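First comes the structure, then the notes that go with it.
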Amino acid sequence: MNPTFRRLLREARPYYPQLIAGTLFGVVAGVAPLTLAKVAGYLRADVLVTSPNWNILALIIVLIIASQIIGNAASYGQGYLTAFAGQRMVQNFRSRMFDRIVRMPLREFDRWRPGELQSRMSADLGLMTDAVSISLPQFVQVTVTFIGALVYMVLLDWFLAVVLFVAAPIVTWIVGKFNALIVAGTRRSQERIADLSSNLTEVLNNERIVKAFRREAFERDRFAAANERYSSAYMKVTQFNQTQAPVLAFVVMLAICAVVAFTAREVSVGRLTPAQAFEFWTATSLLINPMNRFSIFFADFGRAFVGAGRVFEILDLPVERDDPPDAIALPHVAGDVRFEDVTFAYDADRFVLEHFSAEMLHGEVVALVGPSGAGKSTIVNLVPRFYDPQSGRITLDGVDVAKLRLSDLRNAIAIVPQETQLFNGSIAENIRYGRLEARDDEIVAAAVEANADEFVRRLPDGYATIVGERGIRLSGGQRQRIAIARAILRDPRILILDEATSALDSHSEALIEDALDRLLPGRTTLIIAHRLSTIRRATKILYIEAGRVRETGTHESLIAAGGAYANLHAAQFAR
């Protein structure tokens, strides 16, 4: 049995009651059309022309109406129950995929393109949705009709049934071959739509860069090429689908021609009556429709298995490890951070930090300074355990952070990035993200501390103002002040700043510097420093080069020493 199919069966266990009930309805819906075969037997010439039998005609009408009512009602019940179970299962997959993505370690997350993840959340789940909501209910019905018609034909004349089913091995072989092609083509098609989605996401996230460098035509052509690759892959699958149906229809048509000829022979030798011949032909027509539709269903299920396999790839990705049973609680955090002989590499052959040791004590404002690629961002990412070092340890108040409860560790930390990340909600919601249970007055107080209240109150909707995707409706300085208010509301013991003023005008910079002066005291602050004003605010400077601390001291002492920091300062920070 296909591993993906086996796993789907396990995933469907909570919905077995609905699926079983739906299948029973499907059996009824599939059996209902078989009454037409018996009706055909009654519709012989002497009933309709020579000597109409009104009792039989009334029975025929009742059978037709009853079969339609019962069949349609059962079909509705099966379709609803199956779609309900399928949608619940897909909904469960969607929620679990999202949970897996947000809990994925950053090391793993960095390997995935956002567009690829979006594609698997939409296109691949869409393939599964179509299969369980549309194809599966119809498959059950036509399978029952197929089996019922086959049994009916065998009971009428087994020889004619055998003649028809000479084509069965050929049909099976054709379906198998086309299904393999469709599955492979669908996999390529899903990869191409993921590329297309990734291309779109990149452009939407970098629209200003596209315009600044006048790359609209370049991006248009790049997207067009990706779009063409997807369309070609999709049309290849369509070609397989559209070719399969007429090939099967031709094979089945040859079988039907043989059945018609042999039926005439059976009637002539007296093995069948004309009425039974009509019944057999009607049963044949009921059999042929499912045979033609099976190829469509198998193609749909094949595509669904491809989508399910790609969904399971996401569900099987690692997540940030759970706290061990003996994880240490740290409800009261002073904020003493120490790196002890830490070595870290993103890739096995490229070390970013080597035997790195440093301390950042509570109340200190520590500026991390050094050339690009020295490891400054890595240092601040290791403190909240976004990554784990290969060797050495990082301690908080003397306890290895790897042994702390992750919630205690991250609850003690707030981050204000250089590129402010806001959500497409209101200003109040974005500030409240720092502490979800915060009251409205606490949100306002945090905004006042961050020098954000004065511009928020001038907005028509005040704190209810929607900031737009990534905060696009606010200026850079306003976004930074919202981010600082979010950090103030969290009241962290450890504050991480990726220079919050490096890209702002002088007025916004002055407001944010003033807010930081109120935020920093009493906390352990790590700043990736780019500006002289920030460096001079630091109580300790760590000059980092090639993954190690080369110099430590205050701004004045390091300038006086005339070493690497002084040279970097002279080259980059002199005004």
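Every number in this text was worked out from the coordinates using simple rules, so none of it is lab data. None of these values were measured; they are calculated from a predicted model. Virtual Cβ from ideal backbone geometry, glycine too; neighbours counted across all protein chains shown.
Distance between the 7 Å Cα→Cβ label points at residue 242 and residue 92: 3.9 nm. Annotation: peptides 218-225, 29-36, 299-306, ranked by per-residue average of other Cβ atoms within 10 Å with the highest first, follow the order 299-306, 29-36, 218-225.
Taking Cα atoms only, the orientation of helix 506-519 departs from the longest principal axis of the chain by about 80 degrees.
Bridges between two residues of the chain, per DSSP, are antiparallel at a rate of about 55%.
Across segment 465-482, computed HN-Hα scalar couplings (Karplus, 6.51 cos²θ - 1.76 cosθ + 1.60, θ = phi - 60°) run 5, 7, 7, x, 4, 6, x, 4, 7, 10, 6, x, x, 5, 4, 5, 5, 5 Hz from first to last residue, x flagging Gly and Pro. Extension gain for residue 151 to residue 227 (0.36 nm times residue separation, less C-alpha to C-alpha distance): 22.5 nm. Note on residue 390/residue 184: beta-carbon distance plugged into 1/(1 + (r/R0)^6) with R0 of 35 Å gives a FRET efficiency of 0.30. Our coupling estimate for segment 301-309, obtained by passing each phi through the Karplus curve with A = 6.51, B = -1.76, C = 1.60 and θ = phi - 60°, is 5, x, 5, 5, 5, 4, x, 5, x Hz, Gly and Pro reported as x.
Using only the alpha-carbon atoms of segment 368-447 as identical scatterers, what base-10 log of I(q)/I(0) does the Debye formula give at q = 0.17 Å⁻¹? One equal scatterer on each Cα of segment 368-447 leads to -0.88.
Helix 216-268 versus the longest principal axis of the chain: what angle, 0 to 90°, nearest 10, using Cα atoms? In the chain, helix 216-268 runs at an angle near 20 degrees to the longest axis.
Here the 3J(HN,Hα) profile of segment 417-429, calculated from phi with Karplus coefficients 6.51, -1.76 and 1.60 at θ = phi - 60°, is x, 5, 8, 4, 9, 10, 9, 7, x, 7, 4, 4, 5 Hz, Gly and Pro shown as x. Principal semi-axes of the equivalent ellipsoid, √(5λ) from the alpha carbon gyration tensor of segment 60-99, are 38, 4, 4 Å from largest down. Amide H contacts for residue 404 (H built 1.01 Å from N in the peptide plane; partners 5 or more residues away or on another chain; cut-off under 5 Å): 328. Residues whose amide H lies under 5 Å from that of residue 551, counting only those 5 or more places away or on a different chain, are 543; hydrogens are built 1.01 Å from N in the peptide plane. The C-alpha atoms of the chain define a longest principal axis, and helix 54-102 lies at about 20 degrees to it. How much FRET efficiency would the formula 1/(1 + (r/R0)^6) give for residue 571 and residue 354, where r is the Cβ-Cβ distance and R0 is 30 Å, rounded to 0.05? With a Förster radius of 30 Å, E is 0.75. Translational diffusion coefficient of the chain at 10 °C, 1.306 mPa s, Stokes-Einstein with Kirkwood Rh over Cα pairs, in µm²/s as a whole number. Reported coefficient: 53 µm²/s.
A Förster radius of 35 Å, combined with the Cβ-Cβ distance separating residue 345 from residue 220, puts the computed FRET efficiency at roughly 0.35. The modelled label-to-label distance for the pair residue 436/residue 405, using points 7 Å beyond Cα in the direction of Cβ, is 1.6 nm.
The fraction of Cα-Cα pairs per 10 angstrom bin, counted from 0 for segment 453-492, comes to 28, 58, 14, 0 percent, rounded to whole percents. Backbone amide hydrogens, once placed in the peptide plane, bring residue 336 within less than 5 Å of 362, 397, excluding anything fewer than 5 places away on its chain. Full extension of the chain between residue 269 and residue 109 gives 50.1 nm of extra length, using 0.36 nm per residue less the Cα-Cα distance.
Semi-axis lengths, largest first, of the ellipsoid equivalent to segment 337-573 are 31, 21, 15 Å, with √(5λ) applied to each eigenvalue of the Cα gyration tensor.
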